[in-house]
Amino acid sequence: MASLLKFRTAALLGLILALGLTGCTTPNPVAVDYDPSFKFANLRSYYLLDTLANGPVSPFESKRASQAVDDILKGSYQPAASRDQADFLVRVQLFSTDKVAVYDDPFSIYGGYRYFGFGWRAPLRVREYRESTLIVDVLSPEEAPLWRGSMPTVAGRYESPDQQLLQLREEAALILARFPPYNDVGYD
């Protein structure tokens, strides 16, 4: 009888732990698209094109995003001196938009017992924020699209340029971890 109770308790705790752990996992925010007919295994050197920015993005943010992607690519590929010598081109894009979120507050009337009286507060809450996306495009030497990876970036939340660069490196590493897509098995 005692062993059955211990078994049920252990099974219940295991179930609660499993449900808790699955609830804590976050989906991979990286979105990838590519040309499945291209042989990515032949790529050796890259050339980094000028960064594109759209929205309220400072030139310093663009420069940090480009530097972060370049730092990650240098670990696997050789930087080319010119675009004519490169096997592929890389363009970094940083898109930002200012947004406003409006929340309805269903508990707009409040009151108390000890402090007597009732009150009212505005039923809407407004929050302004910036939404940014880091995009890495891999292009052929003729600038035909070959691969694209993107994800939301939170680097703009940090005040320090060093912290922003560190966050952009982490995000660039997540994006470029999915490059190249392993759809080909050999060299041409």
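Scan around R130 for amide H atoms under 5 Å from its own, H built in the peptide plane at 1.01 Å from N, and keep only partners 5 or more places away or cross-chain. So R130 has HN proximity to K99. 3J(HN,Hα) along segment 75-81: x, 10, 10, 8, x, 8, 6 Hz, from the Karplus curve 6.51 cos²θ - 1.76 cosθ + 1.60 with θ = phi - 60°, whole Hz, x for Gly and Pro.
FYI, it's all coordinate maths here, none of it is from the lab. Only a predicted model underlies this, so the values are computations on that prediction, with no experimental measurement involved.
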